[in-house]
Amino acid sequence: MRHLLTTEGLAADDATALLDTADELKRTLLGREVRKLPTLRGRTVVTMFYENSTRTRVSFEIAGKWMSADVINVSASGSSVGKGESLRDTALTLAAAGADCVIARHPASGAAHRLAGWLAEAGTSVVNAGDGTHEHPTQALLDAATLRERLGGLKDRRIAIVGDVLHSRVARSNVHLLATLGAEVVLVAPPTLLPVGVRSWPVTVSHDLDAELPALDAVMMLRVQAERMHGAFFPSAREYSIAYGLNEARLRLLPEDAVVLHPGPMLRGMEIGSAVADAPRSAITEQVRNGVHVRMAVLYHLLAGDGADRD
Amino acid sequence: MNEVLIRGARLYGEGEPVDVLVADGVIAGIGAPGVATVPEGAEVIEAAGQVLLPGFVDLHTHLREPGREDTETIETGSSAAALGGYTAVFAMANTDPVADNAVVVEHVWRRGREIGLVDVHPVGAVTAGLAGERLAELGTMAKSAAGVRMFSDDGHCVADPLIMRRALEYSTALGTVVAQHAEEPRLTVGAQAHEGERASRLGYTGWPSSAEESIVARDCVLARHAGARLHVCHVSTTGTVDVLAWAKGLGVDVSAEVTPHHLLLTDERLATYDPINKVNPPLRTEADAERMRQALADGVVDCVATDHAPHAVQDKDCEWAAARPGMLGLQTALSIVAETMVRPGLLDWRGVARVMSERPAEIAGLPDQGRPLAEGEPANLVLIDPDAEWTVHGAELASLAGNTPYEGMRLPAVVSATLLRGRITAREGKIG
């Protein structure tokens with residue numbers, strides 16, 4: 001594996017290998033006082049974030065550091081990007097300075113693909129940490145890791161993704177990965193928040209959350225920005241919350257062992273009730289924890305997997 | 001006097017080859033091969049059975065001067081036009097400063113005359129500064145030395161229905177045509193690519209077909225009520241063709257153009273994320289492209305216009321959302337039409353003359369372009385080798401910019417010579 005740009009097209013074997021590595025790393029580090037492996041010593045990883053982020057950036061940074069890579073963080077503000085440097089020039093600069101891997105988040109869909117093209121000659125790996133409304137593959141991998149852990153597997157499990165699918169890179173990455181791993185995916189949203197052509201995706205579509213809940217093994221709530229009502233995607237935050245929010249009453253419609261996921265950041269009271277977010281069946285903090293292991297696994301597969309060829 | 005003998009050309013690609021003598025800027029004689037005596041000093045073009053058509057007329061070109069002379073100038077754009085077989089081009093108004101007044105349109109017109117490779121007709125802006133809020137001085141531009149015949153805010157839609165109504169009404173007194181870039185702005189906020197399955201999957205914000213169709217429908221109704229002439233720029237959707245057929249059926253005085261890229265390319269290219277494929281309106285589906293070809297053959301869409309849009313490398317070799325929309329077109333238009341229309345039998349060469357010369361000249365009201373190939377007619381001509389093929393390389397095109405989506409493609413039909421009022425402006429891929 002050279003880059004991780006999408007989960008679309010990621011083979012089931014490769015995805016499973018990544019998840020298995022993440023599990024192994026988690027077990028290895030469990031209970032250790034010093035959480036540090038020497039695997040990526042001498043490797044340089046640069047995170048390049050053109051959008052605000054807490055969990056993803058920190059998670060990648062910790063993942064790199066626990067693998068002993070040198071991790072450098074670049075953000076759009078406080079770098080030459082603020083002086084008008086192009087994405088291409090910034091990437092080539094980082095590669096020339098010795099980055100083995102660039103982890104990029106960018107508001108333009110396809111930005112990671114473009115980076116991979118520009119960096120082909122330099123041999124730098126690219127990890128897509130979220131490109132516009134396209135994909136966020138490590139989020140889908142950490143969701144899959146969490147679901148595997150809680151449910152024992154993904155084959156034939158029924159998982160709903162609820163909310164702003166239209167603007168969600170998390171939803172796109174999850175749809176592809178979950179389908180590849182054999183799960184059934186239901187998208188639940190008002191028609192205005194579903195992409196055109198969604199019926200050609202490997203999913204079923206519903207506008208009725210209450211009808212879907214009793215048959216689910218897991219429900220993944222997506223953040224819904226209240227400002228979307230200005231684009232007339234829904235009439236009001238209140239109406240959205242009433243129809244599609246996962247409140248306590250709705251939680252009771254879920255089977256008892258079903259899992260609640262949220263990629264964060266959460267808008268408590270909007271798409272998810274506060275008590276629901278903190279309930280035992282919610283796996284939201286586990287998702288964050290698994291995120292570190294999954295990202296360690298990704299860096300391992302990209303940077304250590306074929307280390308012999310590279311040196 | 002400047003005389004040219006074109007030996008053994010097939011007029012409209014039909015019948016037996018004939019010799020065409022050009023003198024004093026007009027077709028002086030057409031006769032059986034070898035019959036005419038070659039005047040002393042006449043330049044001879046051996047056509048060897050190639051296709052002779054009236055010179056092409058492009059209703060939609062961006063020459064970028066004034067303002068972006070790093071990407072194209074009137075001079076380099078004129079070269080590209082001549083090499084592409086054009087004898088007249090309409091230069092869009094979205095320059096810097098905007099061509100919304102007599103000073104700018106006269107500058108463009110004069111530069112075109114000085115260079116002399118193609119008739120450069122400036123398009124005037126419909127609204128001041130292309131802002132869509134108040135009319136530009138249409139009458140002053142029409143009566144200027146540039147004699148503006150077409151107005152357009154191209155790049156922007158004249159979205160306000162009142163402004164569009166007034167522009168249509170006002171232009172009836174001037175005998176001019178309003179060319180609309182049909183894009184409902186509220187339906188295309190942040191739009192990056194054709195709204196459809198591919199854009200959804202790839203995460204592009206969608207540019208829905210309905211944003212074009214709703215404006216075309218509205219404008220046809222406005223034109224009908226105003227008794228005005230409307231031209232629709234770069235139609236791209238199946239629904240727009242339906243609307244045009246309906247409006248023409250009602251007798252609305254509407255004409256429409258399609259670009260070469262909307263005849264050939266589709267949103268399949270979105271998967272590359274390479275903004276060389278970014279254009280406005282966006283590349284649409286295979287079904288839309290198929291319908292464009294059919295509508296051009298049927299005449300529901302009147303003509304081909306290039307929407308030739310040069311852009312600097314830094315405005316294309318970037319992430320998709322940051323890239324400017326547009327692609328080069330002047331030197332590839334003929335070949336794309338040959339590939340998509342002539343090869344499959346949708347148009348013969350007489351049909352090519354109709355969609356690339358005669359109809360655009362009529363729409364713009366050019367009296368000396370798109371004329372029949374007959375004695376006494378202006379010698380605005382293009383000679384085409386229909387059997388030759390060539391490979392497109394952006395760096396080899398005459399434009400300063402190199403943003404062609406056809407890079408590396410092998411295409412049919414080559415311009416052997418272009419004549420503007422009897423003077424050779426391009427020959428065998430070289431100017432003059």
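The values are calculated or read from the model by the stated rules, or taken from the named source; none is laboratory data. A quick note: this is a predicted structure, and the numbers were derived from the prediction, not measured. Positions of Cβ are backbone-derived with ideal geometry, glycine not excepted, and every protein chain shown enters the neighbour counts.
For every residue, the table says whether it meets (1) out of contact with any strand residue (DSSP E or B) (no Cβ under 8 Å at 6 or more places or on another chain); (2) of a type in the set (Asp, Glu); (3) not in a strand (DSSP E or B).
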| site | (1), (2), (3) |
| --- | --- |
| B:Ile384 | no, no, no |
| B:Glu389 | no, yes, no |
| B:Ala398 | no, no, yes |
| B:Gly402 | yes, no, yes |
| B:Glu407 | yes, yes, yes |
| B:Ala413 | no, no, no |
| B:Thr418 | no, no, no |
| B:Ala426 | no, no, no |
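Would you pick out the residues in the range B:1-20 that are at pLDDT 95 or above, among the aliphatic types (A, V, I, L, M) and either within 28 Å of the chain's Cα centre (by Cα) or assigned to a loop (DSSP other than H, G, I, E, B) (or both)? Listed by number, the residues that qualify are B:Val4, B:Ile6, B:Ala9, B:Leu11, B:Val20. Looking at the range B:215-223, is at least one residue within 14 Å of chain A (Cβ to nearest Cβ) and among the basic types (Lys, Arg)? No, every residue in the range B:215-223 fails to be within 14 Å of chain A (Cβ to nearest Cβ) and among the basic types (Lys, Arg). Just so you know, in the range A:118-150 the residues that are within 14 Å of another protein chain (Cβ to nearest Cβ) and in contact with an Asp or Glu (Cβ under 8 Å, 6 or more places away or on another chain) include one that is nearest to B:Ser200 (Cα to Cα), and it is A:Glu135. The set of residues from the range B:242-276 being farther than 19 Å from B:Ala211 by Cβ and crowded, with 23+ Cβ neighbours inside 10 Å comprises B:Pro260, B:Tyr273, B:Pro275.
Residues in the range B:116-142 that are closer than 23 Å to B:Pro360 by Cβ and surrounded by fewer than 18 Cβ atoms within 10 Å (Cβ to Cβ): B:Gly116 alone.
Let's see how each residue does on (1) of a type in the set (Val, Ile, Thr); (2) touching a helix residue (DSSP H, G or I) at 6+ places or on another chain (Cβ under 8 Å); (3) on the phi < 0 side of the Ramachandran plot:
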site: B:His121; (1), (2), (3): no, yes, yes
site: B:Thr127; (1), (2), (3): yes, yes, yes
site: B:Leu135; (1), (2), (3): no, yes, yes
site: B:Ala146; (1), (2), (3): no, yes, yes
site: B:Phe151; (1), (2), (3): no, yes, yes
site: B:Gly155; (1), (2), (3): no, yes, no
site: B:Pro161; (1), (2), (3): no, yes, yes
site: B:Arg166; (1), (2), (3): no, no, yes
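Checking each residue in the range B:29-53 for being buried (at least 20 other Cβ atoms within 10 Å of the Cβ) and part of a strand (DSSP E or B) picks out B:Ile45, B:Val51, B:Leu52, B:Leu53.
Of all the numbered requirements in (1) within 14 Å of chain B (Cβ to nearest Cβ); (2) in contact with a Pro (Cβ under 8 Å, 6 or more places away or on another chain); (3) without any contact (Cβ under 8 Å) to a residue 60 or more places away in the chain; (4) not aromatic (Phe, Trp, Tyr), A:Ser68 misses one, and that requirement is (1).
Within the set B:Glu286, B:Glu257, B:Glu268, the sole residue that is charged (D, E, K, R), away from every other protein chain (no Cβ under 12 Å) and under 19 Å from the mean Cα position of the chain (by Cα) turns out to be B:Glu257. Counting only helices (runs of 4 or more DSSP H) wholly contained in the range B:187-252, the ones carrying 2 or more residues that are within 27 Å of B:Gly175 (Cα to Cα) and without any contact (Cβ under 8 Å) to a residue 60 or more places away in the chain occupy B:209-226, B:238-249.
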